[in-house]
């Protein structure tokens with residue numbers, strides 16, 4: 001089924017920078033790059049200050065009301081004039097990892113720096129990168145020129161994050177050339193589905209905030225910190241008391257980070273686009289002629305979290321991650337024995353996704369009076385047809401290019417309305433994964449299953465699971481690179 005993911009298994013994402021995914025199903029698996037390994041009281045540590053805060057998990061059971069009509073502060077007509085210039089122009093970017101693993105000619109790995117793709121000209125002649133197996137110098141040169149049309153470069157900070165994952169000096173070099181790093185701070189991640197963190201775990205999180213603040217303090221210039229992508233899991237949003245508790249935890253974390261950073265650091269909190277997506281559904285609660293265009297009741301559920309944090313947030317974020325098949329929302333199966341489900345385009349609402357994004361943008365801007373951003377967007381491009389009706393995915397049933405046209409059409413639709421999106425409040429987005437990754441679901445535990453290998457907008461001849469790294473014979477999927485990174 002096509003999905004706007006919710007969250008299910010805890011994925012510890014290690015590699016140099018990528019993870020995360022989102023849906024309308026509270027059992028999502030994060031999408032990772034090369035992956036699967038690797039206090040209270042007033043304190044000052046190495047100039048990183050922590051304010052006093054004591055927070056514990058809340059067990060209140062007051063249900064959340066329908067907040068589609070909750071009190072909000074409409075944007076004044078002149079508000080956009082006072083916004084920072086970065087919120088008044090529409091820009092795009094990309095993520096996936098700080099470095100992308102490619103197989104070398106000797107069978108080892110070559111790590112392609114995402115920042116090198118942006119700022120180191122003549123990458124096709126670089127002596128290190130030319131050792132990539134089947135290196136297509138011409139296409140890498142074309143890709144580098146296309147990426148000059150980007151503004152944002154996305155990094156992921158997880159619970160297991162270490163500073164050595166990123167090069168502060170290299171990130172600074174990109175910032176000096178006008179690029180904006182976006183740090184998706186995905187600490188609790190899918191673990192939130194099991195409940196709010198205990199006081200002990202919250203205290204450990206606050207220590208992690210200090211660690212992150214020390215790194216970010218090295219970077220001078222405009223940067224985004226997107227707190228806890230995909231936070232709006234059922235355990236957080238379905239009980240009012242839990243919303244307030246979670247907001248308190250996030251508020252303390254933002255205060256710890258902000259007090260040590262310059263005024264050019266902008267904070268956000270990222271929700272999933274949850275709810276019904278079917279063209280054939282027209283529930284009154286969706287608020288549109290059909291639910292593929294949006295689900296206002298679901299979108300309004302995190303109201304109290306955002307309301308509590310509004311004075312600490314510079315913009316509001318949401319993500320999009322959609323595919324034709326995944327684990328079955330209603331019967332997902334076990335960790336290693338999933339029950340897959342495929343859906344029609346109408347059930348997914350893929351043809352109306354760009355319009356849905358505009359509607360969600362308007363909803364968030366009207367409710368919270370803040371600019372809006374999508375820190376990651378992915379359209380998984382494979383499809384599955386259970387031709388023998390045995391309920392199990394077989395490689396012969398996978399069409400790796402099955403949804404490339406749908407992805408191409410979506411990005412075309414989105415970029416065609418970018419001026420309308422900006423007027424509605426959306427100032428940009430980043431493609432979640434630049435390249436497909438043949439190990440993104442190695443072991444078979446993630447929500448999108450075999451579609452995890454096809455989240456990028458660029459593919460290679462690497463074979464899913466069989467190859468450990470990408471191959472250098474990169475091929476753009478349809479016209480997506482041209483469409484997204486047009487100058």
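A few remarks follow.
- Per-selection Kirkwood Rh - segment 408-466 (Cα, Å, 1 d.p.): 13.4 Å
- Whole-number percent relative contact order across segment 43-484, with pairs defined as alpha carbons under 8 Å at least 6 apart: 19 percent
- Rg/Rg_ref, segment 260-300, where Rg_ref = 2.2 N^0.38 Å and atoms are Cα: 1.76
- Whole-percent pair-distance distribution, where bins are 20 Å wide, for the alpha carbons of segment 43-484: 24, 59, 16, 0
- Computed across segment 354-397, the Kirkwood hydrodynamic radius from all distinct Cα-Cα pairs reaches 13.9 Å.
Laboratory data are not the source of any read-out in this text; all were calculated from the coordinates shown. Predicted, not measured: the structure shown is a model, and the values here were computed from it.
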